[in-house]
Amino acid sequence: MLLIVGYLAVAALVVALSVKASEYIDMLDSRTRLSGAFLGGVLLSAVTSLPELFTSVSATLLLDEPSLCIGNILGSDLFNLAAFAAVGFLFVRHFSRAKLASSNALVALFVVAIYVAMILNWFNILNFELATVNILTIVIIVLYCVGVRYLAVGDSKPSDAGDAASEGSQSADDGLSVRTIVVRFVLVAIGIVAMSVVMTYLTDALAAEYNIGKGLAGALFLGVATSLPELSSTVALFRMRNYDVATGNIVGSNLFNFMILCVVDVVSVGSRVYDYSDPKIENLLVYGLLSAIVMLPLIRTQNRFVRWACMAVVVGCYFAFLLVE
């Protein structure tokens, strides 16, 4: 019982810190000329993905549990998309016809490409090593670098999102300078890192206490908990009607999460990071790919019915993962 209470307490702290991070990013969105796609897809996504980074490194290097690592990453990515779609339904009146930056769709396309590469790796078609690094790691790194380039030169802010973001920030920044906002953002990021390391040990202890498979524990306890920053930030940004930053945060976080597998593969020589032995990992790949594909029309369309259908499919994929053995 104490483990569960501790887990929930740490999760609550992660949520609180993540909401503050999204507020600071929204302030920067209104106070600088940086695009919403860049702020959400690069800066905010890097911070909200820090739990995945540190929990994955800890799971592999400190706990020697690579299944926790890949389950964490794939579970986080699937949960991120489902959470984004679910939040879209909560704010459907304005979001259903919101115009989103095309750069977000391009990054979502790179996420699809990485899923395809992982499935090829799973079937041993794209599965060999160069020195001690899996070829899949190199493919992911290349796709990530190109994807970040598109976020960096993202579209200018849509007027409605920009106006709403500006209104939200003006009421919350209290005249803070850009430098002060950046310093506070960094401090919040450090707090998220500290809580994420604690989360890893709590998850491993919960898996042992309740006899849960490592892959499932990684996808549920770690995958959901480490996705709380993305979920909290998404809700906060949707409330500000800053849909571009919210979308960029989700697709950027998912892209960044795959880079975490690369980091772990490089630093953990001899560990089998791309471990598909747990059946739940296979399900995560299949439903994750389907969700990532559906995100493409969800981002590009302004047809409310098409967007509703896409959001329903993405949420359905997550429930299918939970229910299908």
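Values in this text are rule-based calculations from the coordinates and carry no lab data. Everything numeric in this text was worked out from a predicted model, so none of it was measured. Here the Cβ positions follow ideal geometry from the backbone for every residue, glycine too, while neighbour counts run over all protein chains shown.
Quick look at the numbers
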| item | result |
| --- | --- |
| Residue order, fewest to most beta carbons within 10 Å, for Lys99, Lys20, Lys280 | Lys99, Lys20, Lys280 |
| Charge dipole (the chain, unit charges on Cβ, about Cα centre) - positive-most of Asn121, Thr203, Leu296 | Leu296 |
| DSSP loop chymotrypsin sites (Phe, Trp or Tyr not before Pro) with at most 11 other Cβ within 10 Å excluded, longest remaining stretch of the chain | 1-122 |
| In nm, spacing of pseudo-spin labels at Val197 and Val116 (7 Å Cα→C-beta vector) | 4.0 nm |
| Inter-probe distance in nm under a simple model that places probes 7 Å from Cα toward Cβ, at Glu209 and Ile135 | 4.4 nm |
| Fewest-first ranking of Cys262, Cys145, Cys317, using other Cβ atoms within 10 Å as the exposure measure | Cys145, Cys262, Cys317 |
| Pairwise FRET efficiency - Val263 versus Ala12, Cβ, R0 = 41 Å, nearest 0.05 | 0.90 |
| Relative contact order of the stretch 2-323, defined on C-alpha pairs under 8 angstrom at six or more residues apart (%) | 42 percent |
| Selected from Leu237, Leu61, Leu78 as most flexible by GNM, with the chain as the system and alpha-carbon contacts under 10 Å | Leu61 |
| Pair Val182, Leu126: separation of 7 Å Cα→Cβ label points (nm) | 3.6 nm |
